[in-house]
1. Treating only the Cβ atoms of Lys and Arg (+1) and Asp and Glu (-1) as charged, compute the dipole magnitude of the stretch 210-275 about its Cα centre; round to the nearest 20 debye.
2. In the stretch 163-205, what is the volume of the convex hull around the alpha carbon atoms, normalised per residue and reported in Å³?
3. Quick check: Cα centre of the stretch 208-250 to Cα centre of the stretch 1-52, how many Å?
4. Given Cα pairs under 8 Å that are at least 6 residues apart, what percent is the relative contact order of the chain?
5. Considering the dipole of the stretch 2-307 built from charges on the beta carbon (Lys and Arg +1, Asp and Glu -1) around the Cα centre, which of GLN166, THR15, PRO156 is farthest to its positive end?
6. How do 294-305, 25-36, 256-267 rank on mean C-beta neighbours within 10 Å, highest first?
7. Expressed in whole Å with the largest first, what are the equivalent ellipsoid semi-axes of the stretch 155-291 derived from the C-alpha gyration tensor as the square root of 5 times each eigenvalue?
8. Of the candidates ALA63, ALA255, ALA180, which one comes out as most mobile in a Gaussian network treatment of the chain with C-alpha springs shorter than 10 Å?
Amino acid sequence: MILCCGEALIDMIETPTISGELGFVPHSGGAIFNTAIALGRLDTPVGLLTGLSSDMFGQQLMAALKASHVDSDRVIHSDRPTTLAFVQLKDGQAAYSFVDENSAGRMLTPEDMPTHLPSVSALYLGGISLACEPCADAYAAVLDRFGSERAVMLDPNIRPDFIRDQTRYRTRLNRMIAQADIVKVSDEDLNWIIPGPESLAEKVPLLLQAGPSVVIVTRGSEGAIGYLADGSDVSVPVKKVEVVDTVGAGDTFNAGVLSALDQSGHLTKSELRTLPANALRVALSKGAEVAAVTVARAGANPPWAHEL
């Protein structure tokens with residue numbers, strides 16, 4: 001089973017009301033939650049490790065996990081509030097404003113984390129949970145405890161507005177990158193992680209030298225490129241669709257990649273070290289296919305396996 005570790009929240013998406021004024025409709029979301037939901041819908045065994053509230057939004061998130069066949073045994077419940085992300089769409093692109101103080105997800109500590117993970121074969125981490133403390137330290141502790149024996153995919157999805165202490169964040173993130181087998185970044189993420197005038201192609205080898213076996217760089221409408229430790233790379237284009245919005249696009253791309261690697265038997269540390277270029281191409285293509293369905297729908301609504 002793949003265990004997704006990180007935030008689950010409510011996306012309050014701007015929507016016209018009957019009166020004509022704009023209101024906000026609550027949609028289940030969060031980067032890590034979205035990936036878990038997408039994996040469940042792709043018939044990939046998956047669980048979620050997160051903090052959920054007992055409030056009405058926490059109940060909504062739990063119901064969504066059950067409906068998409070995501071194991072919730074490792075969800076940590078509390079009476080703290082659910083994180084809310086108010087989403088405004090401009091030309092289909094999402095802009096976010098978060099309400100996250102003292103939330104059920106953010107206030108997790110290393111002591112809250114499990115001490116055993118039976119049946120878990122791979123870990124997926126990332127999102128705002130890597131920036132917001134104390135939960136950032138909690139998820140780093142999970143990686144410290146369990147990452148050496150399991151395949152690890154990391155998507156930092158860097159949001160500078162969430163970073164209170166850049167030195168602490170960089171130190172923690174760099175340590176997690178060194179423990180990961182797959183690191184997926186946007187071109188903006190890569191330029192933030194490795195600042196400087198070098199091109200993206202020049203920065204990728206530096207990221208590979210830090211520890212990962214595979215680096216995936218997504219470039220929006222220009223598709224994605226996967227880089228292997230042996231110096232080879234593969235690229236896939238985006239699938240052309242009419243975009244409704246981009247909410248959850250990167251998260252469901254990640255689910256497609258993980259699902260394909262799991263299905264082909266390559267989602268282990270040893271297999272990823274010697275991953276064939278064609279296996280990476282297949283995984284990136286599935287990621288692009290899953291993301292294309294998601295962006296053609298409102299909100300983070302990934303496809304079921306039978307829809308592909």
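Here, each number is a calculation from the coordinates, and none is a lab measurement. Predicted model only: the values in this text are computed from it and were never measured. So basically every Cβ, Gly included, is an ideal-geometry build from the backbone, and we count neighbours across all protein chains shown.
1. On the way: 5 positive and 8 negative charges, 21 e Å.
About 100 debye.
2. Details: hull volume 3.5 nm³, N = 43.
Each residue corresponds to 82 Å³ of Cα convex hull volume.
3. 22 Å
4. 17 percent
5. PRO156
6. 25-36, 256-267, 294-305
7. Semi-axes (√(5λ), whole Å): 22, 19, 14.
8. With Cα springs under 10 Å in the chain, the top fluctuation among ALA63, ALA255, ALA180 is at ALA63.
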